[in-house]
Amino acid sequence: MATPEGYVAVKRYDEIPEGGIVPFEVDDDERILVKLEGNVYALSGICTHEYAELAEGDLEDHVIYCPLHGSGFDLETGRVTSLPATQPLPVYDVQIVDGVVYVSREPRQG
Amino acid sequence: MADPRPCVILGGGVAAYGAAEALRAAGYDGPVTLVSAEPVVPYDRPALSKAFLQGQKTAEEILLKPPEHYQRLGIELRLGQRATAVDLDRRELVLEPGERLPFAVLLIATGAEPVRLRLPGFDLPGVRYLRSLADAQALREDLSRAERVLVVGCGFIGAEVAASARMLGKQVTVVDPLPVPLAGPLGEEVGGILAEVHRRHGIELRLGQKVAELRGHRSVEEAVLESGERIACDLVVVGVGVRPAVALFQGSGLQIENGILVDEHCATGVPGVYAAGDVANWWHPAIGRRLRVEHFDNAAQQGAAAARAIAGDPQPYAPVPYFWSDQFDLNLQYAGYPGPWDQVVLRGDKAAPSVTAFYLRQGVVEAVVTINRPRELRPGRRLVEAQARVDPAVLADPSTDLRALAQPARQAE
């Protein structure tokens, strides 16, 4: 199966644990995959407030929380749900083809 | 239909920011003016003692949002304008140098101001306090020239400034009257962990001691402790706590008692007048007592809660207070109510340190602190939120899955 255009293959769907946060890189850009209730989300891996790896963070109610200062970002949209971050987290489109998770190279717009 | 009531937000910290955002998000479409004595839009104040002081971030980089953002929200900014008087009957503020600003709704978000020490020598040049961006800019400038820094008071600001100064390569001494720093808010065991981290990084601690006076000719040169010890220093930073900034409202008709008294909707006893953030002493309905919290997260959220009440959608403000502190490579996070508690239960490795502490009162989890263990913060917070009773031995057992423990607590809410 060919990789969808503008996407990169990241991991097999079955290899991501439910409730897991899995770090990966695209061209040295740190990102994360999150699997929740069977759905897979792809977001930037670095908090928009101060440098912190969100792979070390925590999930609660479809929000990913920064491990250092509690900034919260909506998994679906990257919208800030709690300060101190005020800039949204870039989110990426996900496609699952033949059991493989593909993530868009470019962030979703707006 | 446009809400015709002009609303004034008095203050320029994160409570004001949270209110500005939430007013518009909640559909308030009347005129809104933000009045701040500081000449800058709301910024990330916690960064002042850390990323800003260490030179990792500029003033522009710590703004919560750029000035244009307020224009987009349709919020008028009156920056660098101090309010000198208020008349709640006539519904107007007097701003320097004499302009009158009418309001229908007033949100007081004036925050807090540092307690000044009135001891001999504390008026010398080279003695600094840290609250505002201007304070931080002056301190950063002084730090670039200083070699020996004395920090008076080892609360969160003192401890963070000491760590930042040490990270900049300065010789740093910290004096605090308590035998264990931060024992008040965090207890002796956790305070002791922080003290050890500071010692390990080469900070000289003078605990259980007080400064009697500062001496110097053109500027500060040494401190004399009550014990008689003399400590050479060319910069002194005082961090001995803050007081709610209520001076403008003395005699205004508002009830003032350790801040401005408000109810669970951030409303004062005067209709249309609200308070939020460090200045507000509010009734917390979930725990049935008053709280005044001096932290960023509360200010942001309470500002937003007040805004929703102003916009006609009041919801009881009943958060689990949260704050963090970063010192060297240590990250501390606190979720919970202030003490008193009667038992502190630790799990993890104190030496590393990688520790979670639970604070119990009569068996109920009142607060949780994580030190370099961020994944235990939110499950711990859920236990606090549920006012859970958990066997201390279970909490202390590192094999206990806090997440699983927190789940039934949450369902029982």
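The values are calculated or read from the model by the stated rules, or taken from the named source; none is laboratory data. Note that this is a predicted model, so its numbers are computed, not measured. When we count neighbours, we look across all protein chains shown, and the Cβ atoms used for this are built from the backbone with ideal geometry, even at glycine. Quick note on the areas: whole protein, heavy atoms, side chains included, nothing else; ligands and nucleic acids left out. Shrake-Rupley method; radii C 1.70, N 1.55, O 1.52, S 1.80 Å.
General remarks:
- Here B:Pro31 clears all of (1) more than 20 Å from B:Ala305 (Cβ to Cβ); (2) in contact with a helix residue (DSSP H, G or I) (Cβ under 9 Å, 6 or more places away or on another chain); (3) surrounded by fewer than 24 Cβ atoms within 10 Å (Cβ to Cβ) except the condition numbered (2).
- Taking each residue of segment B:177-206 that is closer than 17 Å to B:Gly153 by Cβ and open to solvent by less than 60 Å² (accessible area, probe 1.4 Å) and looking for partners that are among the acidic types (Asp, Glu) and in a helix (DSSP H, G or I) with beta-carbon atoms closer than 8 Å, six or more apart or interchain, yields B:Val180/B:Glu188.
- Total residues in segment B:343-360, condition out of contact with any helix residue (DSSP H, G or I) (no Cβ under 7 Å at 6 or more places or on another chain) and open to solvent by 40 Å² or more (accessible area, probe 1.4 Å): 4
- Filter result for A:Val94 (away from chain B (no Cβ under 14 Å), farther than 20 Å from B:His69 by Cβ and surrounded by 16 or more Cβ atoms within 10 Å (Cβ to Cβ)): yes
- Residue within segment B:306-318 that is modelled with pLDDT of 95 or more and within 11 Å of chain A (Cβ to nearest Cβ) present: no
- Test: B:Val262 is closer than 30 Å to B:Arg200 by Cα and either among the β-branched types (Val, Ile, Thr) or buried (at least 22 other Cβ atoms within 10 Å of the Cβ) (or both): no
- When segment B:134-159 is filtered for residues that are part of a helix (DSSP H, G or I) and either at pLDDT below 95 or open to solvent by 10 Å² or more (accessible area, probe 1.4 Å) (or both), the ones remaining, listed by number, are B:Ala134, B:Asp135, B:Gln137, B:Ala138, B:Arg140, B:Glu141, B:Asp142, B:Ser144, B:Arg145, B:Phe156, B:Ile157.
- For A:Asp74, the conditions (1) open to solvent by 50 Å² or more (accessible area, probe 1.4 Å); (2) of a type outside the set (Phe, Trp, Tyr); (3) closer than 19 Å to B:Ala300 by Cα; (4) more than 13 Å from chain B (Cβ to nearest Cβ) all hold with the exception of (1).
- So A:Asp61, is it more than 11 Å from chain B (Cβ to nearest Cβ), at pLDDT below 95 and at positive phi: no
- Every listed requirement among (1) touching a strand residue (DSSP E or B) at 6+ places or on another chain (Cβ under 6 Å); (2) more than 10 Å from chain B (Cβ to nearest Cβ); (3) farther than 15 Å from A:Ile21 by Cα is met by A:Gln109 save one, (1).
- Answer from A:Tyr7, A:Tyr41 - the residue that is among the aromatic types (Phe, Trp, Tyr), more than 30 Å from B:Gln56 (Cα to Cα) and open to solvent by 30 Å² or more (accessible area, probe 1.4 Å): A:Tyr7
- Any hit, segment B:358-366, residues being part of a loop (DSSP other than H, G, I, E, B), away from chain A (no Cβ under 14 Å) and at negative phi: no
- Residue check for A:Val101: of a type outside the set (Ser, Thr, Tyr), more than 14 Å from chain B (Cβ to nearest Cβ) and either in a loop (DSSP other than H, G, I, E, B) or open to solvent by 30 Å² or more (accessible area, probe 1.4 Å) (or both): no
- B:Arg166 fulfils the conditions (1) at pLDDT below 95; (2) open to solvent by 60 Å² or more (accessible area, probe 1.4 Å) except for a single criterion, (1).
- Taking the numbered list (1) open to solvent by less than 40 Å² (accessible area, probe 1.4 Å); (2) within 13 Å of chain A (Cβ to nearest Cβ) in turn, B:His295 passes all entries but (1).
Quick grid of which residues meet (1) without any contact (Cβ under 8 Å) to a residue 12 or more places away in the chain; (2) among the polar types (S, T, N, Q); (3) more than 30 Å from B:Thr370 (Cβ to Cβ); (4) assigned to a helix (DSSP H, G or I):
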site: B:Ser227; (1), (2), (3), (4): no, yes, yes, no
site: B:Gly253; (1), (2), (3), (4): no, no, yes, no
site: B:Asn258; (1), (2), (3), (4): no, yes, no, no
site: B:Leu261; (1), (2), (3), (4): no, no, yes, no
site: B:Tyr274; (1), (2), (3), (4): no, no, yes, no
site: B:Trp283; (1), (2), (3), (4): no, no, no, no
site: B:Ala305; (1), (2), (3), (4): no, no, no, yes
site: B:Trp324; (1), (2), (3), (4): no, no, no, no
